[in-house]
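Notes follow the structure.
The values are calculated or read from the model by the stated rules, or taken from the named source; none is laboratory data. Only a predicted model underlies this, so the values are computations on that prediction, with no experimental measurement involved. These accessible areas exclude ligands, DNA and RNA; they are computed on the full protein's heavy atoms, side chains included. Shrake-Rupley method; radii C 1.70, N 1.55, O 1.52, S 1.80 Å.
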Amino acid sequence: TIQTSSSMGSGNKIGAVVFAHYNVIGSAVGIGTAVNGVDLRPASPVSHQGVPLTGVWTCLGYCVGTTDSTSLGAKTMFIRTS
């Protein structure tokens, strides 16, 4: 199930997939990299919701983190793994 920022409250479960903004300045993550949910924000291509996720997520793409919520290069898909 793909989660959106409006549904993350009920869908933050293992196996959930989310398009998220990686909120760590200058750090790059690629396919298979584990990321703490506190470093991710549910996103749209335009911006992100400021609420961090919980748990551990695995990157399904590539991005370079930034705190600029409008940066497209800081957003990709993640799957919750724990």
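A compact table of results
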| quantity | calculated |
| --- | --- |
| Per residue convex hull volume, Cα atoms of region 37-82, in Å³ | 61 Å³ |
| Rg over Rh [alpha-carbon atoms, Kirkwood Rh] for the chain | 0.91 |
| Per-residue [θ]222 nm for the chain (sum of -39500 (n - 2.57) over DSSP H runs n ≥ 4, rounded to 500) | -500 deg cm²/dmol |
| Percent carbon-and-sulfur accessible area, the chain, ignoring ligands, DNA and RNA, probe 1.4 Å | 60 percent |
